[in-house]
Amino acid sequence: MVYVLSDLHGQYEKYLAMLEKISFSDTDELYVLGDVVDRGEGSAELLTDMSMRPNVFPIMGNHDLTAAILLKKLCVEITEENYDNQLTPDLLKILTMWQMDGGQATLTSFKKLPAEEREALIEYMEEFSPYETLTVGKNRFVLVHGGIPFEKRSVPLSEQSVHELVITRPDYGLRYFENTFLVTGHTPTLHIGAEYRGRIYRKNGHIAIDCGAGFGLPLGCIRLDDFEEFYVE
């Protein structure tokens, strides 16, 4: 079976509860559509668990991308010789913004790890895929964290920038593809419509699965084989 969830945002306990709820096994596949880190306290635990499962496939989110860049810089030993290159004014500005947007929780969880484990997790995050395309049964799916600009829907994903794929918010009122589902996270479904608060959105060829777990709402997961939905409150 093929499962998809998104925007865990450090909610390690919800992640474990979801794996138990779907009876996740070694023969299943799980795609995580980004924003694994920040806000919640379990970012390092989540990354460690995911990295040890060969059938869990992470896709890059905007929070993951920022965290990987900043953590790599912060894990470098700062000396008088490299100070100007490592802690530039621009980097400090981005660091402050990241900390205010939930990054402090990730930074705190990383500080608890030995240096070798921190480096291994950063390397793991850097290897997150920008997107995935799947065929499950008779259906085709495009999996991406943020979305695709409508005007670029015919442009091959390999030619689109990672930055755009992680921050774009789709127009959920428009159908992007005739025979393909666009599966996204990033935009909490309550922002698509109040009636979708804490629930997966499925309409117009879209499947939006960020149910707001990072803000205290349920974690949602969908099984692509039969479109069954699962929730952890």
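Quick notes
- Hey, E178 over 18 Å from V4 (Cα atoms), charged (D, E, K, R) and modelled with pLDDT under 95 or not: yes
- Residues of region 1-28 classified as within 13 Å of the chain's Cα centre (by Cα) and in a loop (DSSP other than H, G, I, E, B), total: 6
- If you go through region 182-233 and keep only what is surrounded by 19 or more Cβ atoms within 10 Å (Cβ to Cβ), under 13 Å from Q11 (Cβ atoms) and touching a strand residue (DSSP E or B) at 6+ places or on another chain (Cβ under 6 Å), you end up with C211, A213, L219, G220, C221, V232.
- Top-ranked residue in region 122-148 [being of a type in the set (S, T, Y) and touching a residue at least 60 places away in the same chain (Cβ under 8 Å); ranked as farthest from V56 (Cα to Cα)]: Y131
- Taking residues in region 90-107 that are farther than 24 Å from Y12 by Cα and touching a residue at least 24 places away in the same chain (Cβ under 8 Å), and partners anywhere that are aromatic (F, W, Y) and part of a helix (DSSP H, G or I), not one pair has Cβ atoms closer than 9 Å while being at least 6 places apart or on different chains.
- The number of residues in region 29-70 being part of a loop (DSSP other than H, G, I, E, B), closer than 20 Å to T184 by Cα and either over 12 Å from the mean Cα position of the chain (by Cα) or hydrophobic (A, V, I, L, M, F, W, C) (or both) comes to 6.
- Some residue of region 151-163 being surrounded by 19 or more Cβ atoms within 10 Å (Cβ to Cβ) and among the hydrophobic types (A, V, I, L, M, F, W, C): no
- Pair list, Cβ < 7 Å and 6+ apart or interchain, from region 210-233 residues that are among the charged types (D, E, K, R) to residues that are exposed (fewer than 14 other Cβ atoms within 10 Å of the Cβ) and modelled with pLDDT of 95 or more: D225/G137
The values are calculated or read from the model by the stated rules, or taken from the named source; none is laboratory data. It should be emphasised that the depicted structure is a prediction, and the values quoted were computed from it without experimental measurement. Cβ sites come from the backbone with ideal geometry, for glycine too, and all protein chains shown count toward neighbours.
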